[in-house]
Amino acid sequence: MIHMPNAAVALDQRLTGGRATAWLGRFAHTFMYGRHPTVLIFFFLLLSVGEVMYLPGVWPRMSTLSRIIGAVSIILPYWFLYLAAFKDPGVITPTTHSKYMSKYPYDYALFHPGQVCRTCNIIKPARSKHCSVCNRCVAKMDHHCVFINTCVGYENQGHFVLLLLTTAWLLTFGAVLGTRMICEDIQARHPGWRLWKPSRFSWHDYLILLTFGIQDHVGRGGVTLLTLMTSPLVWGLLGYHIYLIYCGTTTNESMKWQDWQAEMDDGFAFKRAMPTDRVKDPRWEPTWTRWPVETMQVLVRTEDGSPPDPQGAPGVGDWERVWHLRDVENLYDLGFWDNLLDVLVPGYSFRDELVTDEERGRRSKKPKETRASAIVDAAT
């Protein structure tokens, strides 16, 4: 909500009949909550301008091998930025609906068949979510990222992870190279100086010489400082997404698991078995998916903590109260390498047939708790 001062509103009413404040309100709402490329352009310019400032101070002194590594390190983030930002993230339309319905089975915990998106008016495939910024449903929705001005979803999640990896590497390479050359310049004038402060230098003298080294080439020194400060942030964000892959979940799903933990803490969560030979209703869920395992449980919540009515609910047997996430199965966690393959190779067919019970025990894991899932929304 954008608040306009009463005096400004009154003045605008007199001069333009309220049109100016109405336009400013719409602009502010779109800028804060709408989809626009402002941050994407800023990110692109930050990379480009930083490289233009940095390279003249280091390129002439780089070895041939360093130049080759540097050129590749510069190109790759732009390539993956283009793929992550402009490739379809997995938008679900009537044309693509059947395609994305066959990617994942419903786990009857986070995702249940028959749920309809009220905006798009389509049945939600498993792991999908409607993005309020893009105003569309996205398959395997992770989050909406302002740095690429689109959602991170089924089709571009791998490119997004590789964008983080190549950007983190570029920043680290630039930080190490720039720091080395700054140290060499200082040591050429003061041979006793070292990056780790020698005991014979006072902190005053040490910092003065370091400042002179940075100022020898302002562009190189300034960008080196920027890379030193920002590279840990990018590595941290990359590490978080690698952890999500390890968990077999997404940012959206990790928050759903946290909601389930809250229900479990209150004693309102129950589970029971799902028969593996059940007949699926093709009106609401796919009869076949590429995923190698099917759910063997149903997880539900109640309002008063009483077990659900066994009649009419999916599954068989008695309801069991669940207190911990470790007591339920995450259908989408096949182990780190298969999870990574699912991210990097969209559409990969894991099995033509369902796996055996013995192999299932090795491939389907308990949900691993993710406590920092909200960090990525604030960061991206």
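The values are calculated or read from the model by the stated rules, or taken from the named source; none is laboratory data. Since the model is a prediction, treat every value here as computed from it, not as a measurement. Here the Cβ positions follow ideal geometry from the backbone for every residue, glycine too, while neighbour counts run over all protein chains shown.
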The one condition in (1) of a type in the set (Gly, Ala, Ser); (2) within 15 Å of Tyr108 (Cβ to Cβ); (3) over 34 Å from the mean Cα position of the chain (by Cα) that Ser306 fails to fulfil: (2)
Scan of segment 84-108 for residues that are in contact with a helix residue (DSSP H, G or I) (Cβ under 7 Å, 6 or more places away or on another chain) and either surrounded by fewer than 21 Cβ atoms within 10 Å (Cβ to Cβ) or of a type in the set (Gly, Ala, Ser) (or both), ordered by number: Ala84, Ala85, Lys87, Gly90
Residue list for segment 267-300, restricted to those being closer than 18 Å to Ala109 by Cβ and hydrophobic (A, V, I, L, M, F, W, C): Phe268, Ala269, Phe270, Ala273, Met274, Trp284, Trp291, Val293, Met296, Val298, Leu299, Val300
Pair list, Cβ < 7 Å and 6+ apart or interchain, from segment 263-283 residues that are assigned by the TED database to the domain that holds Gly315 to residues that are assigned to a helix (DSSP H, G or I): Ala269/Trp260; Ala269/Glu263
Residue ID - modelled with the lowest pLDDT, chosen from residues in segment 125-141 that are out of contact with any strand residue (DSSP E or B) (no Cβ under 7 Å at 6 or more places or on another chain) and not small (Gly, Ala, Ser): Asn135
Unmet requirement for Thr230, which otherwise passes all of (1) touching a residue at least 60 places away in the same chain (Cβ under 8 Å); (2) of a type in the set (Val, Ile, Thr); (3) assigned to a helix (DSSP H, G or I): (1)
Segment 267-295 - residue that is within 24 Å of Lys99 (Cα to Cα) and buried (at least 17 other Cβ atoms within 10 Å of the Cβ) and, of those, nearest to the chain's Cα centre (by Cα): Trp291
Among (1) surrounded by 12 or more Cβ atoms within 10 Å (Cβ to Cβ); (2) at pLDDT 70 or above; (3) not in a loop (DSSP other than H, G, I, E, B), the one test that Arg35 misses: (3)
Candidates Leu195, Leu226, Leu237, filtered to the one that is in contact with a Cys (Cβ under 6 Å, 6 or more places away or on another chain) and either hydrophobic (A, V, I, L, M, F, W, C) or exposed (fewer than 14 other Cβ atoms within 10 Å of the Cβ) (or both): Leu195
Residue match in segment 258-266 (condition: within 23 Å of Tyr104 (Cα to Cα), surrounded by fewer than 17 Cβ atoms within 10 Å (Cβ to Cβ) and touching a strand residue (DSSP E or B) at 6+ places or on another chain (Cβ under 8 Å)): no
Selected residue (criterion: modelled with the lowest pLDDT) from residues of segment 318-346 that are in a loop (DSSP other than H, G, I, E, B) and of a type outside the set (A, V, I, L, M, F, W, C): Pro346
Of residues in segment 203-223 being of a type outside the set (Asp, Glu) and exposed (fewer than 15 other Cβ atoms within 10 Å of the Cβ), the one nearest to Leu164 (Cα to Cα): Val218
